[in-house]
Amino acid sequence: MRLLAVCALPLFTALAVLGFPMFRGRRVPVTLVAVVATTHLVLVSSLWLAPPRPTLGGWLAADPLGLTVLTLTSVLFLVTVIYAVGYLQREKPRSGRVFAGGLLAFLAAASLVALAHHLAMLWVGMEATTLSVAPLVFLRRDRRSLEATWKYLVVSSVGIALALLGTFFLASAQGDVAGRPLILPDLVEHARELHPAWLRAAFLFLLVGFGTKMGLAPMHTWKPDTYGEAPSLVSGLMAGALTSCAFLGVARVTEVVTAAGLGSFAQPVLIGFGLLSLAVAAVFIIGQSDVKRLLAYSSVEHMGLLVLGLGLGGVGAYGSVLHLVNNGLAKGWVFLVTGNVVLATGSATAAGNRGLVRTLPVSAALLVLGLFAVTGSPPFGLFMSEFTILRAAIDGGHPWIAAVMLLMLAIIFVGMAVLVLGIALGEPDPGTIPVRESPWLVAGPIALAAIVLMLGVYIPGPLHDILARAAAALGGTAP
Amino acid sequence: MHSAAQLVLLLVVLSDLAVLGTTRLSSCIRGLAAQGLLLGLLPLLLAPQLSVHAVSLALGTVVVKAIVLPWFLAWAIREAAVRREIEPLVGFIASQLLGALAVALAFAIASRLPLPTVRQPLLVPVSLATLMIGFIVLTTRRKALTQVVGYLILENGIYLFGLTHTERVPFLIELGVLLDVFVGVFIMGIVVFHINREFDSLDSTRLTELTD
C-alpha cells in the first residue's frame with residue numbers, strides 16, 4: 001500500500017495540476033508541491049522503519065538498492081522544492097502548471113523506477129523521467145534552451161529505445177525458464193538457466209540505453225547542453241536524482257548477469273565505460289568557462305566512477321553505492337548554489353563573474369566548499385567512496401586502473417579549481433554591490449553540504465547496513 | 001493466418017524503404033501511418049486465438065501509431081509549412097542502398113540468433129531491419145520532423161521484436177510503452193513547432209549554438 005502511495009501521490013497531484021483549470025496562469029502552486037514532497041519523504045522514511053512486503057504480484061518492492069535511490073530522490077526533491085520557493089520570488093516561469101506538474105511527474109516517475117521490480121515497468125518509469133523533465137529544460141523558452149531540449153530528447157529517446165530492446169532481449173533470455181517474466185528476484189533466482197547469448201545482448205543494450213540516460217561517455221553529448229541551459233534547480237535534480245535512477249537500471253541488469261555467472265563478461269565492459277567517461281570528463285573540464293557545463297562534465301566523471309566501482313566488484317560495489325548517495329547529494333548542493341550565482345549575475349560563466357565572495361558571500365563559500373566536495377577531497381563523503389573504489393582496483397590486482405583513475409581525478413581537480421576559484425576569489429568589478437541572499441536559496445544547499453560532510457566522517461549504522469546489503473546483491477562486499 | 005502475417009511483415013519492410021526513399025514529408029508521414037496500420041494487424045494475425053489482450057493491443061496500436069501520431073505530425077508540417085526534405089546528409093539513392101544493406105544484414109543476423117520460440121520466422125529479421133532503417137532516417141536527415149519519423153520507425157522495430165513476447169509481457173506494460181511513445185512524440189512535436197518559430201526552419205542542423 002505504501003509502495004503504491006509513494007508513486008501514486010505525486011502522479012495524481014501532477015495530473016491534477018496539469019488538468020484542473022484553477023492551476024492555469026503563471027502562478028506556481030509551490031505550497032502544494034511542498035506538501036507532496038514532505039508527505040513523500042515521510043512515506044519513504046516509514047519504509048525504513050517498517051520494511052514493506054512486495055505488492056502488485058511482486059511488481060513493486062523496496063529492496064536495499066531501490067530504497068537507497070528512492071530516499072536520495074525524495075530528499076533531493078524536498079530540498080529542491082524549498083529552493084524553488086526562493087527561486088520563484090525572482091523568476092516567473094511562463095507556465096506555472098508546467099513547472100509544478102513537470103516536477104511532480106518527475107518525482108512519480110523516479111519513485112516508480114526505484115521501486116519497480118518488473119524490469120519492463122522500470123523501463124516505463126525511466127522513459128517517463130525523460131519526458132517529465134523535457135518541459136522543465138525548455139522552461140526559459142529561448143533558442144538556446146530549445147536546442148538543448150531537442151538534443152536531450154533525441155539522444156535520450158534513442159538511448160531509451162535501445163534499453164527497451166534490451167528489456168525484450170532479457171525476456172528472450174528468460175524463454176521458458178521458471179519464474180515470473182521479467183521480475184527481478186525470479187530472474188536472479190533462476191539466473192543460471194537463462195540463455196547466455198541473449199543475456200549478454202540484453203546486458204549490452206541495457207547498459208548503452210540506460211548509460212545514455214546516466215550520461216556515460218560516449219553517450220554523454222546531451223549532458224553539457226542540457227545541464228547548461230536548464231534552470232539550475234532542474235539540472236541539480238537531473239544530475240542528482242535522474243542519473244541515479246538510470247544507474248539503478250544498469251545495476252539491475254548487472255545483478256542478473258552476475259548471478260548468471262557472466263561477471264567476467266560484464267566487468268571489463270563496465271570498467272571500459274567507466275575509464276572512458278573519466279577521460280572524456282578530464283579532457284573537457286580543462287579550459288571550461290561555464291560552471292554549469294563544468295558540473296555537467298563532472299557528472300560524466302562521477303557516472304564513470306559509479307560503473308567503474310560496479311565493474312571492479314568486491315568492495316568496489318559498496319563504494320559505488322555509497323558514491324551514488326554522495327554524488328547525488330553533492331550535485332544537488334553545487335547546482336543549487338550555482339543557481340544563486342545565475343540569479344544574482346545572470347550567468348555562471350567566467351566572463352560575467354569575479355570576486356563572488358564579496359558580492360554573494362554565503363553562496364560563494366558554499367560553491368568553493370562544493371568544489372572540494374565534488375572533486376573528492378577529504379573530509380567530504382565523496383572522498384570516502386572514491387577511496388573505496390580505488391581500494392577495490394588495488395585489491396583486485398588492477399594497479400593500472402587505480403593509476404589512471406588517480407591521474408584523471410587530479411586533472412579534473414585542477415580544471416575545476418581554476419574556474420571555480422577564478423570566479424569566487426579576486427576583486428569584484430567596480431560598482432557591483434552585495435546581493436541579499438534569501439534564506440530559501442541557501443538553506444537547502446547548507447543542509448545537503450552538512451549531510452555530505454557527515455557521510456565523510458561517519459556513516460550511520462542503518463545506512464551502512466542497507467548499503468552493504470545493496471552491495472551484496474550486486475556481488476560485492478562491504479569493507 | 002501464417003501466410004497473412006508473412007505478407008504483412010513484408011509490407012512493413014516495403015513501408016520502411018518507402019519512407020527512406022521519399023522526398024516529400026507528407027508521403028513520409030503517410031508511409032508511417034501505413035506501417036502503424038500493419039503493426040496493428042499483427043497481434044491479431046499472430047495470436048493463436050483471438051483474445052481480449054490481442055484485440056486491445058491491436059486497437060491501441062492502430063489508434064496511436066496509425067491515426068493519432070501521423071495526424072499530429074501532419075498538423076505540425078501544415079503549421080510549419082514545410083514540404084520537402086532538402087539535401088539530406090546522405091543522398092536518397094545512397095540511403096536506399098543503405099536500407100537494402102540493412103535488410104540483408106538483419107536477415108543474416110536473425111538467422112544466427114538462437115530463438116527460443118519461433119512462431120513467425122520473419123518477425124525477428126523484419127524487426128531488426130525496421131530498427132536499422134529507423135536509425136538511418138534518424139541520423140541522416142536534417143529536418144527535425146523527419147528525425148521524429150525516424151525515431152518512430154525505430155520504435156516500431158522494437159515493437160515488432162516485442163511481439164515475440166506478447167503472452168509473457170502483460171497488457172499493462174504494453175499500455176505504458178504506447179503511452180510513453182505517445183507523450184514522447186507529443187513533446188517532440190511541440191519542440192519541433194518551437195524550432196520552426198524560433199529559427200524559421202525545421203532544419204535541426206541550425207541548432208549549433210551550444211558547443212565546447
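Read the figures in this text as sums done on the coordinates, not as results from a lab. As the structure is a prediction and not an experimental result, all values here were calculated from the model. Using ideal geometry, Cβ is built from the backbone for each residue, glycine included, and neighbour counts are taken over all protein chains shown.
Observations on the structure shown:
- On Cα atoms only, tilt of A:361-374 relative to the major axis of chain A in degrees: 30
- Placing pseudo-labels 7 Å out from each Cα toward the beta carbon at B:T208 and A:I286 gives an inter-label distance of 2.6 nm.
- Rg ratio for region B:2-206: its Cα radius of gyration over 2.2 N^0.38 Å, N being its residue count, equals 1.01.
- The mean count of C-beta atoms from other chains within 10 Å of the C-beta of residues in A:127-138, rounded to a whole number, is 3.
- In this label model, B:L89 and A:S438 are separated by 4.2 nm, measuring between points 7 Å along each Cα→Cβ vector.
- Rounded to the nearest 20 debye, dipole of region A:330-479 from Cβ charges on Lys, Arg, Asp, Glu: 100
- Test item: B:145-153 mean partner chain Cβ contacts at 10 Å: 2
- For region B:2-206, the relative contact order is 24 percent, taking Cα pairs closer than 8 Å that sit 6 or more residues apart in sequence and dividing their mean separation by the residue count.
- Other protein chain C-beta atoms within 10 Å of residue C-beta, averaged over B:184-193: 5.
- Normalised contact order of region A:331-479, rounded percent, pairs of Cα under 8 Å and 6 or more residues apart: 36
- Kirkwood Rh and Cα Rg combined as Rg over Rh, evaluated for region A:278-479: 1.02
- This model, with +1 at the C-beta of Lys and Arg and -1 at the C-beta of Asp and Glu, gives region A:1-133 a dipole about its Cα centre of some 560 debye.
- At 0.890 mPa s and 25 °C, Stokes D of region A:318-365 from Kirkwood alpha-carbon radius, µm² per second: 205
- With N as its number of residues, the protein assembly as shown has a Cα radius of gyration that, divided by 2.2 N^0.38 Å, comes to 0.93.
- Lys/Arg +1, Asp/Glu -1 at C-beta; region A:278-479 dipole; positive extreme among A:P434, A:S385, A:A365: A:P434
- For the peptides A:185-197, A:214-226, the ranking by packing is A:214-226, A:185-197, with the highest mean count of neighbouring Cβ atoms within 10 Å listed first.
- Relative contact order (%) - chain A, alpha-carbon pairs under 8 angstrom, separation at least six: 16
- Hull shadow area, averaged, region A:48-185 [alpha-carbon convex hull, nm²]: 10.0
- Ordering of A:91-97, A:59-65, A:120-126 by burial proxy (mean other Cβ atoms within 10 Å per residue, highest first): A:120-126, A:59-65, A:91-97
- Of the residues A:V81, A:W222, B:I190, the one whose Cα sits farthest towards the positive end of the charge dipole of the protein assembly as shown is B:I190 (charges of +1 on Lys and Arg Cβ, -1 on Asp and Glu Cβ, taken about the Cα centre).
- Dipole in debye (nearest 20) - the protein assembly as shown, about Cα centre, beta carbon charges: Lys, Arg +1; Asp, Glu -1: 1200
- Taking a Cβ cut-off of under 11 Å around A:L409, the surrounding Lys, Arg, Asp and Glu residues balance to a net charge of -2, with basic ones at +1 and acidic ones at -1.
- Based on DSSP H segments of at least four residues, each scored -39500 (n - 2.57), chain A has a per-residue ellipticity at 222 nm of -25500 deg cm²/dmol.
- Rounded tilt (10° steps) of B:2-21 against the dominant C-alpha axis of chain B: 10
- Simple rule: put +1 on each Lys or Arg Cβ and -1 on each Asp or Glu Cβ in the protein assembly as shown, find the dipole, and look at A:G309, A:G422, A:G376; the Cα lying farthest toward the positive end is A:G422.
- Estimated 222 nm signal from helices in chain B, with DSSP H stretches of n ≥ 4 weighted -39500 (n - 2.57), rounded to 500: -24500 deg cm²/dmol
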